[in-house]
1. Normalized C-alpha radius of gyration of segment 194-255, against 2.2 N^0.38 Å?
2. Using a simple spin-label model with points 7 Å from Cα along the Cα→Cβ vector, what separation in nm is obtained for GLU432 and GLU33?
3. Run down the lysines and flag those whose C-alpha is under 20 Å from the C-alpha of LYS404, throwing out any fewer than 8 positions away in its chain.
4. Students often check this: by mean Cβ neighbours within 10 Å, which of 59-67, 44-52, 211-219 ranks highest, and how do the rest follow?
5. Quote the charge dipole size of the chain about the Cα centre in Debye, to the nearest 20; the model charges only the Cβ of Lys and Arg (+1) and of Asp and Glu (-1).
6. Can you tell me the dipole magnitude for segment 147-272 around its Cα centre, using point charges on the Cβ only (Lys, Arg +1; Asp, Glu -1), in Debye to the nearest 20?
7. Between ALA420 and GLN111, how high is the FRET efficiency from 1/(1 + (r/R0)^6) when r is the Cβ-Cβ distance and R₀ = 41 Å? Nearest 0.05.
8. Please compute P(r) over all alpha-carbon pairs of segment 127-228, binned at 10 Å starting from zero, and give each bin as a whole-number percent.
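The values are calculated or read from the model by the stated rules, or taken from the named source; none is laboratory data. Predicted model, so just to flag it, every value in this text is computed and none were measured. When we count neighbours, we look across all protein chains shown, and the Cβ atoms used for this are built from the backbone with ideal geometry, even at glycine. Just so you know, the surface numbers come from the protein's heavy atoms only, side chains and all, with ligands and any DNA or RNA stripped out. Shrake-Rupley method; radii C 1.70, N 1.55, O 1.52, S 1.80 Å.
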Amino acid sequence: MSPADSRVRRPFVWSLVALGLAAGCGSDASEEELPPSVVMFSLDTMRGDHAGFLGYERDTTPFLDELATESIIFERAYTTMSWTLIAHMSLLTGVYPSQHKVWTDESVLPQSVPTLAQRLKDKGYYTMGFHFPGWLNPEFGFGRDFDVYEMHNNVEEARDHIRKALAERPKNRPYFLFVHLFDIHNGDLVLEPSPLYKTPEPYGDFFLEGATETLKDTSSKHLWDRIQKRLPKEKRDAVVAQYDGGIRYVDDSLRAIWNEWSEPHGFDDAVVVVTSDHGEGLAERRFQYQGHGSVFEEGLRVPLLIRLPDGSRQNERVTGMVSHVDIVPTLLDYLGEPADPNLPGFSLLDGRPADEIIVAQRPDIHVILQWPYKLTGAQPGNPKTGTIFNLEQDPLEKSPLTMKTNPEQFEEIATAILAANEAQTAQWHQPEPDSESAASPLSEQQRKDLANIGYTED
């Protein structure tokens with residue numbers, strides 16, 4: 001019997017509770033009678049292979065490693081693009097970028113695309129969202145159907161906002177808590193000597209003594225833009241150590257949030273999702289640090305844990321590929337909701353079919369994954385373009401297959417992948433666009449703030 005067949009589902013009286021709440025009843029309901037709440041943490045810029053529970057050698061994630069023993073661990077989870085805006089919109093809607101089309105700084109989510117907050121709010125949930133300013137701002141559609149949607153500048157501010165919101169939430173309703181933490185991401189890019197990753201002490205030197213001293217004469221903008229020659233190894237090691245220090249800082253902060261609020265506010269009785277919007281390139285392929293890993297595994301492969309409150313599926317490892325678009329169907333399934341045919345993903349409680357494609361998209365980039373292959377840069381109808389990586393034989397993506405290296409094999413594999421992509425995407429629901437399709441322009445200050453952390457044309 002498979003783990004999916006043997007799982008124990010919690011017995012919910014979900015629809016009755018929701019109907020009572022929607023009708024203004026249920027004020028006497030105790031928290032024990034409520035459906036499980038939903039908690040989602042998005043750790044911006046955390047690459048999957050730097051998490052301890054996914055095999056990283058450094059002790060970057062001791063808290064998440066403990067949470068992983070109570071969770072389903074997805075060893076090969078993928079974002080829908082290595083850009084915060086696109087990735088989070090897929091994460092919070094359950095649809096691919098070519099469906100939600102929030103993939104430029106003038107995009108806005110069509111009203112015809114329901115968000116996870118909307119779906120849960122319609123079922124009686126109290127919805128709370130906390131985010132770093134910029135790409136998750138309300139003008140793109142992220143704030144829709146949140147009862148509380150607030151910005152914070154760092155994890156300490158987020159912790160204060162969470163504390164206040166959880167204390168003031170209605171106790172007779174389940175809640176959805178979404179928390180976006182940006183502290184792993186690089187800080188402002190400046191020309192004077194300054195670290196690329198700006199974490200509080202002692203995290204800058206946490207994994208490599210003297211890392212800060214090694215980089216004391218290096219500007220963050222120089223690291224970001226450097227293209228002429230490779231940085232010396234001791235400086236590359238120092239940059240990676242400081243990036244890892246940021247992960248450890250956020251992990252320690254998550255432990256503090258969890259310990260403070262788990263018991264009185266029901267984290268123990270909630271479905272908990274922990275993931276990242278995208279990873280980070282650490283100059284493995286180029287001499288500069290910009291780009292968040294692009295289409296490579298360091299950019300697209302992210303951590304993903306799902307902890308179920310009924311205690312089932314603990315420490316279960318899923319080795320097959322899964323996507324961010326599978327998270328919404330999984331949550332709806334666990335809450336007893338019928339499958340939505342407009343969602344392209346799958347409930348991970350039952351598993352994603354091994355031959356189904358996964359994609360990462362933006363208007364100028366298209367990545368198709370069908371294990372063990374990743375096809376990038378191919379144009380629809382033209383299998384002779386692009387690059388293929390065999391992730392099973394070449395996990396570090398060092399030996400690409402192209403028309404130049406092996407034309408017959410490349411064309412055969414690319415043709416098959418493109419055919420599967422065409423067959424599956426043809427079945428995806430295409431939402432109706434709004435008559436007004438452009439978002440309110442970002443303010444000059446917002447554009448300046450985003451440019452300061454490396455976002456220019458994006």
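1. Values: Rg = 11.8 Å, N = 62, 2.2 N^0.38 = 10.6 Å.
Here the answer is 1.12, to two decimals.
2. Those two pseudo-labels are separated by 3.9 nm.
3. Filter leaves LYS374, LYS384.
4. Numbers: 59-67: 19.7, 44-52: 24.0, 211-219: 17.1.
Packing order, densest peptide first, comes out as 44-52, 59-67, 211-219.
5. Working: 42 positive and 71 negative charges, 134 e Å.
Here the chain has a charge dipole of around 640 debye.
6. Working: 17 positive and 24 negative charges, 97 e Å.
Once rounded to the nearest 20, the dipole reads 460 debye.
7. On the way: r = 32 Å, r/R0 = 0.77.
Efficiency for this residue pair is about 0.85.
8. 14, 33, 26, 19, 8, 1, 0
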